[in-house]
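For reference, the structure discussed in these notes is given below.
Please treat every number below as a calculation from the coordinates, not as lab data. For clarity, every value in this text was computed on a predicted model and none was experimentally measured. Heads up, the Cβs are rebuilt from the backbone with ideal geometry, glycines too, and the neighbour counts pull from every protein chain shown.
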Amino acid sequence: MLDTAMQHQTPAAGGPDGKPLLSVIVPSFNERPNVAPMIAKLDAALAGIAWEVIYVDDNSPDGTTQEVRRIAAGDTRVRCIRRIGRRGLASAVIEGALSSSAAYVAVIDGDLQHDETQLPVMLEALQGGRYDLAVASRHVAGGDNAGLSSRWRHVLSDGGIRLAQAFLPVRLTDPMSGFFMLPRPLFEELARNLNGQGFKILLDLVLSSPVPLRVLEVPARFRERVAGESKMDALVMVQFGGLLLDKVFGGLLPLRFFSFALVGALGVLVHLLVLGILHKTTLLGFGTEQAAATAVAMAFNFQLNNAITYRDQRLKGPRLWQGLILFMVVCGFGAVANVGIARVLYEQNTTWTIAGGLGAMIGVVWNYAVSATLVWRTR
Ligand code: GDD
Ligand code: MN
């Protein structure tokens, strides 16, 4: 009885029985000004379809949640999950989709950059049963990428796509797309294998499927952002920076060397920090203090190299300790070579900067070459 009564109060839910056929998941962070226009656009695009929208807002300081709630007060198709103390696009999408009971779930950005008029096209294709996943692609005929905020973003995006395609079991011209739709039961099935980190939820889905998904790509424009700002730049850059470096220096200098040298530079800072503290707070004498600082910096460098530079062949258990000792011995020789060469150069009237710099460089190259062959054994 109560159920029927409630359904009569909520004709806005669209379907004859008031149940949504499609849940549109909108991850949001600081999208307040875009909420009302977004919902109006969904309303127009999805006329005649029983839909609901689920915002998943990471407690945006600009009050995105409150704005969604305000609209939800007069429209039962509008829902909001407010997450506190968490951030992340992929995990927001997963939570939103798992909160749905509709037959289909779509994911779309909340900043009006995606072309929502493609939603009915995607839905119809999926209802036909010939596809498992519909993806809006900027790289099929009719799609475009104009809304990417800068040339740099274009380069990053293209680079990322190429990298992703190397791993993909299915053809996807736009694996970074944040706009797609699939049957909810399929999402539930794949959900347990999702990693949920970062921005690449679509890639994650496709890679999580034990069988290749049947994918339909629909062309989509990527509009420019009008209000608010992108949250992706810094992260995307970190994620794809390594790839770009590799492309630019491809073959010339191994990426590992950069990583190793960078870790070494951090090690120098650690060394000075430890030395400074010991010098100010103990009476060990400079020699001992310097030796202790060196040992700490070496251990720090070893850990960082093991975690980052050589993450693909990370040493564990007893091999970790063996590796640490070997690393310290290798770097000890490196330091002796460094100091020796710098001193000889300095005595031959080379300026202290050049003598010191060359000594350090030879030390790094030695440490790198020898630890790569002895400690981490790369071919
Ligand atoms: N809940 C939540 N938490 N939402 C977030 C977060 C977060 O930490 N970060 C971003 N969002 C939301 C934004 O509010 C927006 O609705 C959507 O996720 C996309 O974020 P943008 O910051 O606008 O991303 P973009 O426009 O730079 O990137 C778009 O293009 C990429 C490919 O170039 C997105 O569609 C990406 O999904 C896509 O990979
Ligand atoms: Mn955006």
Sequence-distant residues sharing a close amide H with V53 (under 5 Å, placed H): V24, V78, R79
Efficiency of FRET between A307 and R86 - r from beta-carbon atoms, R0 25 angstrom, step 0.05: 0.55
Residue (of L284, V270, A307) at the positive-pole extreme of region 252-331, dipole from beta-carbon charges: A307
Under Karplus coefficients 6.51, -1.76 and 1.60, residue-wise ³J(HN,Hα) of region 173-181 in Hz, glycine/proline x: 7, 9, x, 8, 4, x, 9, 7, 8
Förster radius 35 Å - calculated FRET efficiency between V140 and A36, Cβ distance, rounded to 0.05: 0.65
Extension gain, A125 back to L283 (0.36 nm per residue minus Cα-Cα distance, nm): 49.2 nm
Hz values of 3J(HN,Hα) by residue in region 86-103 - Karplus curve (6.51, -1.76, 1.60), Gly and Pro given as x: 9, 9, x, 5, 4, 5, 5, 4, 4, 5, x, 5, 6, 8, 8, 10, 7, 6
Other-chain or far-sequence residues with amide H under 5 Å of D109's (modelled H): H114
Inter-part distance where region 30-53 and region 344-379 are each reduced to a Cα centre, Å: 61 Å
Label-point gap, in nm, between R214 and T351 - each point 7 angstrom along Cα→Cβ: 7.1 nm
Peptides ranked, highest mean first, by Cβ atoms within 10 Å: ranges 59-72, 263-276: 59-72, 263-276
Dipole magnitude of region 247-325 about its Cα centre (Cβ charges: Lys, Arg +1; Asp, Glu -1), debye to nearest 20: 320 debye
Modelled FRET efficiency - R0 51 Å, I362 with R70, Cβ distances, 0.05 increments: 0.20
Euclidean distance between Cα centres, region 265-326 to region 202-218, Å: 44 Å
About the Cα centre, charge dipole magnitude for region 250-379 (Lys/Arg +1, Asp/Glu -1 at Cβ), debye: 500 debye
Segments 39-45, 341-347 sorted - mean Cβ within 10 Å per residue, highest first: 39-45, 341-347
